[in-house]
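Shown next, in structure tokens, is the structure this report addresses.
The values are calculated or read from the model by the stated rules, or taken from the named source; none is laboratory data. Since this is a predicted model, take the numbers as computed values, not measurements. In this analysis, Cβ positions are derived from the backbone assuming ideal geometry, glycine residues included, and neighbour counts consider all displayed protein chains. In case anyone asks, the SASA skips ligands and DNA or RNA and just uses the protein heavy atoms, side chains included. Shrake-Rupley method; radii C 1.70, N 1.55, O 1.52, S 1.80 Å.
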Amino acid sequence: MNAYALSEGTYTVDESKIFIPFNSDTDSIKNRPASLLVEICPFLIITDEGLIIIDPGLGLINSEGEFQIIKNLSQLGFNSTDVNYVLLSHLHKDHIGGVAYEESGEMKPMFPKAEYVYQEEEMNDALEKSSSKSFEEKKLLFLKNRKEKTVLKGNTQFNKNIYCEISGGHTRHHQVFWINTATEKYFYGGDVLPQGTQLIRKFAAKYDYDGKKSAELRIEYGKKCATENYACLFFHSSINPISKLKFEDERFELIGI
Ligand SMILES: [Zn+2]
């Protein structure tokens, strides 16, 4: 396997867009009305052209005062300077919180040697709405001002292993990633396909820019993954964040790997 979940844990989130840590042993979802229960799960993928981080999450500092994502990386034998690419599906704060951190009033990259990759139109939209609760303006400006970056304009074969495809649906220019590694192919659907269960329990989400489009795309992507043997990476799923899919008799089955 060449993909690893770098989970920052489980949270609830409601209209306020504030992510509140959720401990399944001691907390009850009943006490968090109108909230969604979500995992925050960035991924590391190892390719023959370098290490990729996909959507580095909230940038959570854990109880030991370390960045959880860096701790997760170190447990896999890597450190922050080993990362070559940071791919961003879209620019909501729960996906880009971990691109950088603030130290003495200055923004420092979480992955100093990495090239950061995002869609130009996604940034334009985000900057227009940067004061809304879904965004973190400082992180947007960090990305905009970073020299080591590639700003994509639409569908792009980024290198021989990474294909970036505009999906829309969740945000206007949300993108998904198709990634090849030496042993396995991976699909990352970002917030268009954030949980495997969304392939089984079909619905249009209110939090999407175009919920109907997202709902249709999920099924399309799921079928492609099943047919072409891609493993799916689910950013908001606490169970089986990396799964193979089976599609039989018009139904999906998830097989965690
Ligand atoms: Zn989002």
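List of remarks:
- Selection of region 155-177 for residues being of a type in the set (D, E, K, R) and either surrounded by 15 or more Cβ atoms within 10 Å (Cβ to Cβ) or in a strand (DSSP E or B) (or both) yields GLU165, ARG172.
- Residue within region 31-52 that is of a type in the set (S, T, N, Q), open to solvent by less than 30 Å² (accessible area, probe 1.4 Å), within 14 Å of the ligand (Cβ to nearest atom) and modelled with pLDDT of 95 or more present: no
- Scanning region 238-252 for any residue that is open to solvent by 70 Å² or more (accessible area, probe 1.4 Å) and within 13 Å of the ligand (Cβ to nearest atom) turns up nothing.
- Being aliphatic (A, V, I, L, M), within 14 Å of the ligand (Cβ to nearest atom) and within 24 Å of GLN157 (Cα to Cα) is true of ALA126.
- Taking region 8-30 as the range and being small (Gly, Ala, Ser) and open to solvent by less than 40 Å² (accessible area, probe 1.4 Å) as the test, only GLY9 passes.
- The condition of being more than 16 Å from LYS17 (Cα to Cα), within 19 Å of the chain's Cα centre (by Cα) and not charged (D, E, K, R) does not hold for SER134.
- Of all residues in region 76-88, those satisfying the criterion of being away from the ligand (no atom under 15 Å from the Cβ) and either touching a helix residue (DSSP H, G or I) at 6+ places or on another chain (Cβ under 6 Å) or of a type in the set (A, V, I, L, M, F, W, C) (or both) are LEU76, PHE78, SER80, VAL83, VAL86.
- All conditions but one from (1) away from the ligand (no atom under 13 Å from the Cβ); (2) in contact with a His (Cβ under 8 Å, 6 or more places away or on another chain); (3) not basic (Lys, Arg) apply to ASP191; the one that does not is (1).
- Residue satisfying condition, being modelled with pLDDT of 95 or more and of a type in the set (Asp, Glu), within set ASP191, ASP208: ASP191
- Out of TYR230, TYR209, sole residue that is among the aromatic types (Phe, Trp, Tyr), within 13 Å of the ligand (Cβ to nearest atom) and open to solvent by 20 Å² or more (accessible area, probe 1.4 Å): TYR209
- Out of GLU64, GLU102, one residue alone is open to solvent by 60 Å² or more (accessible area, probe 1.4 Å) and either within 14 Å of the ligand (Cβ to nearest atom) or in contact with a strand residue (DSSP E or B) (Cβ under 8 Å, 6 or more places away or on another chain) (or both). It is GLU102.
- Taken over region 43-66, residues that are in contact with a helix residue (DSSP H, G or I) (Cβ under 6 Å, 6 or more places away or on another chain) and within 16 Å of ASP191 (Cα to Cα) amount to 4.
- Unique match (being of a type in the set (A, V, I, L, M), within 16 Å of the ligand (Cβ to nearest atom) and surrounded by 14 or more Cβ atoms within 10 Å (Cβ to Cβ)) among LEU152, LEU141, LEU73, LEU91: LEU91
- Any hit, region 110-132, residues being modelled with pLDDT under 95, open to solvent by less than 60 Å² (accessible area, probe 1.4 Å) and within 19 Å of ASP191 (Cα to Cα): yes
- Summed over region 17-75, residues that are without any contact (Cβ under 8 Å) to a residue 40 or more places away in the chain and at positive phi total 3.
- Checked against (1) touching a residue at least 60 places away in the same chain (Cβ under 8 Å); (2) among the β-branched types (Val, Ile, Thr); (3) out of contact with any Phe, Trp or Tyr (no Cβ under 9 Å at 6 or more places or on another chain), ILE166 passes all but condition (1).
- The set of residues in region 179-196 that are open to solvent by 10 Å² or more (accessible area, probe 1.4 Å) and closer than 15 Å to LYS244 by Cβ comprises THR181, THR183, GLU184, LYS185.
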